[in-house]
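Q: Handing you a structure now.
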Amino acid sequence: MTPAPAHLLTVDPGIGDLAGADHLLRDLAARLALPEDAVGCTHLVRDDGRPRVALSLALASEAARDRARDRLAAHGHQATDGAPDDRGRAVLYPGAEALTGTLTIADLLSGSAIDAVTVLGTPDAPAPDTPLDTRGHVRPQWQDGRLVLLAQPAAGGVLVPFEHPDPTPCCADH
């Protein structure tokens, strides 16, 4: 259920971490009253030597894009047309809010904009009845125009999204 071709905006707030970018993206979606079919992604950028996380918004119509641009400006954010790249990490997408608890791969695919699930270290797609414990944190990435969730095996025969919701910061124990 890949979203239809969209009208894209990029906001580069200069944020240095994914968690902060996720929080800002969710906050902006609420404040801007984005339509439910909007897709919001994070992108790791380093175009001027400064590593940071930019945000992109994909909206279904030119009018929705223009409204979002105006509302972003009213909240102090400059938006440019387009996306930083075609490999965004989706935070906001149709069906994302319902991806909680443990559900089957078939339910995940039928109830969200995610097109496919791949499992780390295996060449085959997981069976539709394979359980996935979402951990409340499902961040698929765009790959060749499709939203793909990378998962990994976990205890108890379930899969979990590869991206952990609360990663340990590098060098946390030093």
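The values are calculated or read from the model by the stated rules, or taken from the named source; none is laboratory data. Keep in mind it's a predicted model, so treat the numbers as computed, not measured. Cβ coordinates were reconstructed from backbone atoms using ideal geometry, including for glycine residues, and neighbour counts include every protein chain displayed.
Q: Consider LEU28 against the criteria (1) buried (at least 20 other Cβ atoms within 10 Å of the Cβ); (2) modelled with pLDDT of 95 or more: it satisfies all of them except one. Which criterion is unmet?
A: That leaves (2) as the condition not met.
Q: A further question follows. Being modelled with pLDDT of 95 or more and either within 21 Å of ALA38 (Cβ to Cβ) or loosely packed, with under 14 Cβ neighbours inside 10 Å (or both) is true for just one of GLY95, GLY82, GLY136. Which residue is that?
A: GLY95
Q: On to the next question. I want to confirm something. Restricting to the stretch 1-25 and keeping residues that are among the β-branched types (Val, Ile, Thr) and within 20 Å of GLY145 (Cβ to Cβ), which single residue is modelled with the highest pLDDT?
A: The qualifying residue modelled with the highest pLDDT is THR10.
Q: Could we say that ALA106 is over 18 Å from the mean Cα position of the chain (by Cα), in the same structural domain as HIS137 (by TED's automatic domain parsing) and either at positive phi or among the small types (Gly, Ala, Ser) (or both) here?
A: For ALA106, the condition - over 18 Å from the mean Cα position of the chain (by Cα), in the same structural domain as HIS137 (by TED's automatic domain parsing) and either at positive phi or among the small types (Gly, Ala, Ser) (or both) - is met.
Q: Working only within the stretch 130-169, note down all residues that are of a type in the set (Asp, Glu) and assigned to a loop (DSSP other than H, G, I, E, B).
A: ASP144, GLU163, ASP166
Q: If you go through the stretch 74-129, how many residues are aliphatic (A, V, I, L, M) and outside any loop (DSSP other than H, G, I, E, B)?
A: Number satisfying all stated conditions: 15.
Q: Take the stretch 4-57 and flag every residue that is in contact with a Gly (Cβ under 8 Å, 6 or more places away or on another chain) and small (Gly, Ala, Ser).
A: Once the filter is applied, which keeps residues that are in contact with a Gly (Cβ under 8 Å, 6 or more places away or on another chain) and small (Gly, Ala, Ser), the stretch 4-57 yields ALA29, SER56.
Q: In the stretch 33-43, which residues are without any contact (Cβ under 8 Å) to a residue 40 or more places away in the chain and surrounded by 13 or more Cβ atoms within 10 Å (Cβ to Cβ)?
A: PRO35
Q: Taking the options ALA30, ALA79, ALA83, name whichever one is without any contact (Cβ under 8 Å) to a residue 60 or more places away in the chain and among the aliphatic types (A, V, I, L, M).
A: ALA30 is the lone residue from the list that is without any contact (Cβ under 8 Å) to a residue 60 or more places away in the chain and among the aliphatic types (A, V, I, L, M).
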